[in-house]
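Every number in this text was worked out from the coordinates using simple rules, so none of it is lab data. None of these values were measured; they are calculated from a predicted model. As a convention, Cβ positions derive from the backbone with ideal geometry for all residues, glycine included, and neighbour counts pool all protein chains shown.
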Amino acid sequence: MAHAYTPGLKVSSRTIFRKERRLPLKGDVLVSVGDEVKAEDVVARTELPGNVQTMNVANKLSVLPEDIERHMTVKLGEWADEGEVIAETRTFFGLFKSQCKMPVGGTIESVSSITGQVIIREKAIPVEVNAFVDGKVVEVFQDEGVLVETAASFVQGIFGVGGETHGPMKVAASAPDEVLRVEQITPDMEGSVVLGGSLVTIDVINRAREVGVSAIIAGGMGDSDLRNLLGYDLGVAITGSEEIGLTIVVTEGFGRMTMAEKTFNLLKSKDGMKTSVSGATQIRAGVIRPEVVIPLDGAAGTIEDIKESSSGLTVGTPVRVIREPYFGAIGKVTALPPELQVLKSEAKVRVLEVEFDDGSRAVIPRANVELIED
């Protein structure tokens, strides 16, 4: 149990970032191993079956179900546009006729001589998966997708909403404890990833949507503002599919919370650089964290010269406390006692000693911290 900690928040200036890009069902992979791709490049494509509609043609034409096939003017498997006649009857020497028209464009998938129903399959829904980050394709999953790899600066947030996006980093806040203000969101930020400080409010979000900002990164966000933004209480769920006009990543928690200085300084140093952001979050089992990925240029580091290793929990490791009474506090490990210690609850657990930024120290169960990977 020497490594009984939560390997959660990652803040790294140089790391090897890998991202699987998979289709929801089998399709076509458009790139090969070794290809250089951009974040916006489509790497795989497929089509989801269109919606199904049923129409009782026998009733509409007032014929018996067993006679329906001979009245069809569009055959099984053929496409018909919306409003096109697909079946008709003629009576009284052809002077009078009844017609049945397509309610939507689609393919005739089934014609039943028992029920008189015709099943219409609407147009297939195209699905494309992009690369998410600038990088190289290092593996291809046949008919499913690819694995993209890049040398990058990488930051995980605590919570996010909104889908995947990208754009140049624009630094709006001058300090990690600064509250982002409406006037700091300017028209030149269209398509950008905006770095705030300790808080982003609903007024700032609305202004950012007007301007066309791609994403906002901030230390905290009010839960009432989140409710106003979404129009409902989020509860325990997976985020990332919200259509709110932009993506928001919160690095510290809810309310006004000063962004960790290390996180702020790292992101601030990337001003102007292309940044990929995902707001997808899952708080339950199978934790998913929102991500901020900034591919490095050749001078800052390459795949070959970045050692992909983790020394685990050691003296000097930066950690964040994830439970009360020190929730959210950041410090460094100063001691790792090997023996079990008894808590007030009488449980015997492994602990560690942490020195916080203000110089104070505390002994905390190892399960109550998460490692800030560097």
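Here the chain carries DSSP beta bridges of which approximately 85% are antiparallel, counting only pairs with both residues inside.
The range 98-157 and the range 216-260 have Cα centres lying 29 Å from one another.
For the chain, what is the calculated [θ] at 222 nm in deg cm²/dmol (nearest 500), taking -39500 (n - 2.57) for each run of four or more DSSP H residues and dividing by its residue count?
Details: 5 runs with 35 residues, N = 374.
For the chain, the value works out to -2500 deg cm²/dmol.
Think of the chain as a dipole: +1 on every Lys or Arg Cβ, -1 on every Asp or Glu Cβ, centred on the Cα centre; then among GLY135, THR314, ASN265, THR314 lies furthest on the positive end.
Looking at the range 97-143, the trypsin sites (Lys or Arg not before Pro) that sit in a DSSP loop and have at most 16 other Cβ atoms within 10 Å of their own Cβ are LYS123. Taking Cα centre as origin and charging only the Cβ of basic (Lys, Arg, +1) and acidic (Asp, Glu, -1) residues, the dipole magnitude of the range 52-122 rounds to 240 debye.
Quick check for me: using +1 on Lys/Arg Cβ and -1 on Asp/Glu Cβ, what's the dipole size of the chain about its Cα centre, in debye to the nearest 20?
That gives a dipole near 660 debye.
A run of the chain free of exposed loop cleavage sites, with GluC sites (Glu not before Pro) counted only in DSSP states other than H, G, I, E and B and at most 15 other beta carbons within 10 Å, reaches its longest extent at 85-189.
In the range 32-63, which trypsin sites (Lys or Arg not before Pro) are in a loop and have at most 14 other Cβ atoms within 10 Å, using DSSP for the loop call?
LYS38
Annotation note: trypsin sites (Lys or Arg not before Pro) in the range 240-299 located in DSSP loop regions with a Cβ neighbour count of at most 10 within 10 Å are ARG284. The longest part of the chain holding none of the exposed loop chymotrypsin sites (Phe, Trp or Tyr not before Pro), meaning those outside H, G, I, E and B in DSSP with at most 15 other Cβ atoms within 10 Å, is 94-231.
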